[in-house]
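A quick write-up on the structure given underneath.
A short reminder: the numbers here are calculations on the coordinates, not readings from a lab. Being a predicted model, the structure only gives us computed values, none of them experimental. Here Cβ is always computed from backbone atoms with ideal geometry, including for glycine, and neighbour counts include all displayed protein chains.
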Amino acid sequence: MADLILNVDFVASEPPRKKESGSRKHRSFVQRRRALERRGVLRQKQLPPPGAASKPNPKRRRGGKSTGKAKPTPQPTPSPKSSSSASLDQPGAGKTAFAATQPPRKPKVVAKAKPRDPSVPFQPSKLVALDCEMVGTGPGGRTSDLARCSIVGYDGDVLYDRYVRPAAPIVDYRTRWSGIRRHHMANAVPFGKAQREILRILSGKIVVGHAISNDFKALKYFHPKALTRDTSKIPLLNRRGGFPENVNISLKRLTKELLHRDIQVGKSGHSSVEDARATMELYKVVEAEWEQHLLLNPEQD
């Protein structure tokens, strides 16, 4: 019997290959890679995950450029505590995070100044009454110069009462009306000094007087019209005393009719303190009505 020799190949036969899909270049790449795998050239970590190499990426063009937009990775919703702490790590977010934890602020209330009630008198410290006495200087003593000035407050308290020495020589003392005599000039204040002292008191005040333009003229001064109250030009006073409204009534007659008091009596002359006090009291009689009238008619005298 002849010997039978069998040539058996124990190498496992490869399973039939599936028809390669893709382009020619891709099939060539797969065949080359498999050959390298069999030879052991490719290490395990270099191998792509199973099934990933055979599927071409539809979002890749030839040359490796992306053809689609990458989907954003969904972020986990932070808890209230983590969101406040994480936002502080971002630049400029500290103030926003701090403001979010603070209670809303109430809007500021700006207080508006209330309009003055005309029925309420001005502050006593803002009201003064002025009266001056003059003497005659110049040719024939026809020029009236200041020789005494008195200022009283709202309640009649004396704020200033000084004799004033005119710059020009006195020709006529007019004692019958002014009450000024020669000996009063011995310690009189020079006009310049007296003027500065008086104007310092009158500054910013409401000045009450009777025919007060003559007093301002002797002081060589013009007081603001809005801060001047002339009792000789207040029709309400004339009406209260029963006199015509458009007639200038003397201080003596108004005081007699409305205050029932006699002033400027005798031959010793007038007292500027007494006249200033009478003027202030007359103003108080019609103060509320007169101030309301001025408030509604600011352009009128």
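Here are the numbers:
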quantity	calculated
Spread of Cα-to-Cα distances over 10 Å intervals beginning at zero, given as percent, for region 222-288	20, 51, 26, 3
For region 124-296, radius of gyration divided by Kirkwood radius, i.e. Rg to Rh on alpha-carbons	0.97
Cα→Cβ-extended label distance, 7 Å offset, between ILE263 and ALA35, nm	13.5
Radius 12 Å from Cβ of LYS193, net charge of other residues (Lys, Arg +1; Asp, Glu -1)	+3
Long-range amide H partners of ILE263 with built H, under 5 Å	none
Potential extension, ASN248-LYS233 segment - 0.36 nm per residue separation minus Cα distance	4.7 nm
Net +/- balance of residues flanking SER268 in space, Cβ distance below 10 Å, scoring K and R +1, D and E -1	+3
Extension reserve of the VAL158-HIS26 stretch, reckoned as 0.36 nm per residue once the Cα distance is removed	35.7 nm
For GLY179, distant residues with modelled amide H under 5 Å away	HIS270
